[in-house]
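First comes the structure, then the notes that go with it.
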Amino acid sequence: MQGNVVTFTGNVIVTQGTIKINADKVVVTRPGGEQGKEVIDGYGKPATFYQMQDNGKPVEGHASQMHYELAKDFVVLTGNAYLQQVDSNIKGDKITYLVKEQKNAGFQRQRQARNNRSGAVAAAGQKQQRPDPGTEEG
């Protein structure tokens, strides 16, 4: 890895343990040249993320951009971000997924009407439950 940064383009697939990232462009940075501390940035329309959790259930998502820090064990999905676990999903402008804890925290941009400023709102508690296929709504 010359210069501690390498860029891949095309249909790029990055696999790290149980995590798989597909993107149109991937930039891998190794801060200080230290192995195991790589930062992976993926860009796509969309870039996709997949992990098979320890419990055997998959987590998958997509976004315009992904940022994965191996040393800190988290993935940030930005731009039309979507993350789905077996029984729930979350959408927003930005979702942070904690790989080791297998949890997510989401953030979405919200326009504040009174002062016309933007703020970040935690949306982790706003998971959308999928309806039980055995029940009907209506």
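Coordinate-derived values only; no laboratory data. Being a predicted model, the structure only gives us computed values, none of them experimental. Ideal geometry is used to build each Cβ from the backbone, glycine not excepted, and the neighbour counts take in all protein chains shown.
Which entries in the list Lys25/Lys103; Lys20/Lys100; Lys37/Lys57 go over 23 Å, if you measure between the two C-alpha atoms of each?
Correct reply: Lys25/Lys103; Lys37/Lys57.
Using a 7 Å offset from Cα along Cα-Cβ at Phe8, what residues in the stretch 31-62 end up with backbone N under 12 Å from the label point?
Hits in the stretch 31-62 for Phe8 at 12 Å: 40-43.
Could you work out the relative contact order of the stretch 5-78? I mean the mean sequence separation of Cα pairs under 8 Å and 6+ apart, divided by the number of residues, in percent.
Once divided by the residue count of the stretch 5-78, the mean separation gives 24 percent.
Once the piece of chain linking Asp24 and Tyr50 is laid out straight, how much longer is it, given 0.36 nm per residue of separation minus the C-alpha distance between them?
7.8 nm is the gain from fully extending Asp24 to Tyr50.
Rg/Rh for the stretch 6-103 to two decimals, with Rh computed the Kirkwood way over all alpha-carbon pairs.
0.95
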